[in-house]
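Structure first, commentary second.
The values are calculated or read from the model by the stated rules, or taken from the named source; none is laboratory data. Note that the structure is predicted; figures quoted are calculated from it, not measured. Note that each Cβ is placed from the backbone with ideal geometry, even for glycine, and that neighbours are counted across all protein chains shown. Areas reflect the complete protein model, heavy atoms only, side chains present, ligands, DNA and RNA absent. Shrake-Rupley method; radii C 1.70, N 1.55, O 1.52, S 1.80 Å.
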Amino acid sequence: MATHFSPCSSSSTNFLPSSCFKNETTVLFSRFAVTVPIKSTWVSQIHSRIQGRKHFHIKSSNGHPLNAVSLHDGLDGSPTAKENDKSQGKEKPAIPISEAEKEESTLSITVVGASGDLAKKKIFPALFALFYEDWLPKNFTVFGYARTKLTDEELRNMISGTLTCRIDQRENCEDKMDQFLKRCFYHAGQYDSEGDFSELDSKLKEKEAGKVSNRLFYLSIPPNIFVDVVRSSSLRASSLNGWTRVIVEKPFGRDSESSGELTRCLKQYLTEDQIFRIDHYLGKELVENLSVLRFSNLVFEPLWSRDYIRNVQLIFSEDFGTEGRGGYFDNYGIIRDIMQNHLLQILALFAMETPVSLDAEDVRNEKVKVLRSMKPLQLEDVIVGQYKGHSKSGRSYPAYTDDPTVPKDSRTPTFAAAALFINNARWDGVPFLMKAGKALHTRRAEVRVQFRHVPGNLYKRNFGTDLDKATNELVLRVQPDEAIYLKINNKVPGLGMRLDRSDLNLLYSARYPREIPDAYERLLLDAIAGERRLFIRSDELDAAWALFTPMLKELEQKKIVPELYPHGSRGPVGAHYLAAKYNVRWGDLSSDDS
């Protein structure tokens, strides 16, 4: 059953009144974009409009301060805004300003869908962690917005139980929590009500107290109401003198058509630079380290091609089922929920060519090239499965269709394995195998790089007929217990010639005792700073859906019945046949990785 996305508004109303932009442009000073008049007096007028602390400097995830921003950021998608873009150029240089002048701007973060699980478990805790580590500016407020009737105090009580402090506490944790909660407020309203968002705007202005206002909206809501919220918030609660940005959670549609329609609708009220499509896997520490590992270590870069790599495996598994989320999950399935976004994004980062720089557009350009070089997924290269009920050690495990929110005759896959190929000079012929599933025997997310066999190996007879035991393998374990390890062959001490397979292991918990920040912390910080490198661009999204949409349609049209596998098992047998088809053995099923 396809999700119904809100239709685009037929109104030609712009994101902001065109009068606001006739003689204005947007400039980023140190951290935030502000809209300023294009007159001889504009330099003097900008003073006392930007915020900051003496000890606080936002840097993006690439480690560099942000000094400029596209004129699209903060402007609407109307012809007026686009003409203004052309007449004024793409960027304006940053102008140094004093710390006192920075004090005069504010940051307002509105979490739309504040009463939902994602907001309570991830977004509010991430915001508090940023506050605790002094990453947020001095003048900031957090608003929750949802249909549920709550007071400010009820919101604070609701989220206080999910807040935790870092291991390396520098001051009393309770004091920091109290300070943060005092900055949290709530406004109840309908998602499609311009009047309710107008009331929110009044509350935001009251907290902003006449300062330059920068506003960030986080849409922690179902996709069928994205457009309603964007329309209402952009028309009634956008900033008139600073920037406005919107973070959009996946899913971004169900296929190429619905994704394209969603993008078109959003761009009636926002420009591309204002839309931050979040995939939290891109904020995970090991995914961030993937590019560092490859591009800053000479030992790896020469090996990163078809000449030395036999196959690449991207594996995601959970040891629990849908757990009451069956109604949502049944509408999408594991391919749309995990493979088309999380795993494909990691694949693109892994396989891309060296970007010109770490700037967002340079990195995203290379990712798009990878996706456009891939051939669409074929049904014969896909295996789908669904977990069934199972009893083990006196305990019963439910089937997927035992979930009361799931239809009894559902054919939605809870497991999928696929083989993808990149048709370019670097990766021609190398299978990229994806595997994702729920209710499996373990919880893990990892990238496994299996290298080719050593030609003419002198020690071939010591490994017997199983040459895979002699294969070097690089493993990046994204979760749990983050680690990077390289499997090598070595001699076992002793008088005989006995070979063993050992790991050169970087275990993060041992090497870096400091707690690893949650992915949402990094991504929220980047959105505030205007850094888009870890967010998905619209053409990147189009290319990703183009790979999966034909196969998904064929899967549904032919009513392919998924192979059943026991809850808590290693998945359907078909996944092993798919790997064997390309002379590959799943690396996570070996005895030393079980």
Please verify whether VAL384 is open to solvent by less than 40 Å² (accessible area, probe 1.4 Å), part of a loop (DSSP other than H, G, I, E, B) and either touching a Leu at 6+ places or on another chain (Cβ under 9 Å) or touching a residue at least 60 places away in the same chain (Cβ under 8 Å) (or both), treating the condition exactly as stated.
no
Number of the exception - PRO223 against (1) at pLDDT below 90; (2) over 19 Å from ILE278 (Cα atoms); (3) in contact with a Gly (Cβ under 9 Å, 6 or more places away or on another chain):
(2)
Quickly run through segment 429-454 and pick out the residues that are open to solvent by 50 Å² or more (accessible area, probe 1.4 Å) and either modelled with pLDDT of 95 or more or under 14 Å from ARG477 (Cα atoms) (or both).
ARG443
At pLDDT below 95, under 25 Å from ASP319 (Cα atoms), crowded, with 18+ Cβ neighbours inside 10 Å and not polar (S, T, N, Q) - does that describe any residue in segment 483-494?
yes
Scanning segment 180-224 residue by residue, the ones that are out of contact with any strand residue (DSSP E or B) (no Cβ under 9 Å at 6 or more places or on another chain), in a helix (DSSP H, G or I) and open to solvent by 80 Å² or more (accessible area, probe 1.4 Å) total 1
Restricting attention to segment 409-423, does a residue exist that is closer than 30 Å to PHE295 by Cβ and outside any strand (DSSP E or B)?
yes
Can you name the residue in segment 297-318 that is open to solvent by 20 Å² or more (accessible area, probe 1.4 Å) and not in a loop (DSSP other than H, G, I, E, B) and is also farthest from VAL447 (Cα to Cα) among such residues?
PRO302
Does segment 569-576 contain any residue that is open to solvent by 60 Å² or more (accessible area, probe 1.4 Å), under 21 Å from the mean Cα position of the chain (by Cα) and in contact (Cβ under 8 Å) with a residue 40 or more places away in the chain?
no
ASN423 is checked against (1) open to solvent by less than 10 Å² (accessible area, probe 1.4 Å); (2) farther than 23 Å from ALA575 by Cα and fails just one. What number does that condition carry?
(1)
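Conditions tested, residue by residue: (1) touching a Lys or Arg at 6+ places or on another chain (Cβ under 9 Å); (2) open to solvent by less than 50 Å² (accessible area, probe 1.4 Å).
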position: LEU499; (1), (2): yes, yes
position: ASN505; (1), (2): no, no
position: ALA510; (1), (2): no, no
position: ARG514; (1), (2): yes, no
position: GLU521; (1), (2): no, yes
position: GLU540; (1), (2): yes, yes
Tell me the residue from LEU155, LEU235 that is modelled with pLDDT of 90 or more, at negative phi, hydrophobic (A, V, I, L, M, F, W, C) and out of contact with any Asp or Glu (no Cβ under 7 Å at 6 or more places or on another chain), please.
LEU155
Starting from segment 297-311, take each residue that is more than 13 Å from VAL454 (Cα to Cα) and list its partners that are in a helix (DSSP H, G or I), counting only C-beta distances under 8 angstrom and pairs at least six apart or across chains.
PHE300/LEU293; PHE300/ARG294; GLU301/ARG294; GLU301/PHE295; TRP304/ARG294
Of ARG294, ARG372, the only residue that is assigned to a helix (DSSP H, G or I) and either open to solvent by less than 10 Å² (accessible area, probe 1.4 Å) or at positive phi (or both) is ARG294
Within segment 266-290, tally of residues that are open to solvent by less than 30 Å² (accessible area, probe 1.4 Å) and in a helix (DSSP H, G or I):
9
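Output yes when any residue across segment 347-354 is open to solvent by 10 Å² or more (accessible area, probe 1.4 Å) and in a helix (DSSP H, G or I), and no when none is. Give the steps one after another, and end with the answer.
At the first step, the residues of segment 347-354 found to be open to solvent by 10 Å² or more (accessible area, probe 1.4 Å) are 349, 353-354.
This time we only want the ones that are in a helix (DSSP H, G or I), so: 349.
Checking segment 347-354: at least one residue is open to solvent by 10 Å² or more (accessible area, probe 1.4 Å) and in a helix (DSSP H, G or I).
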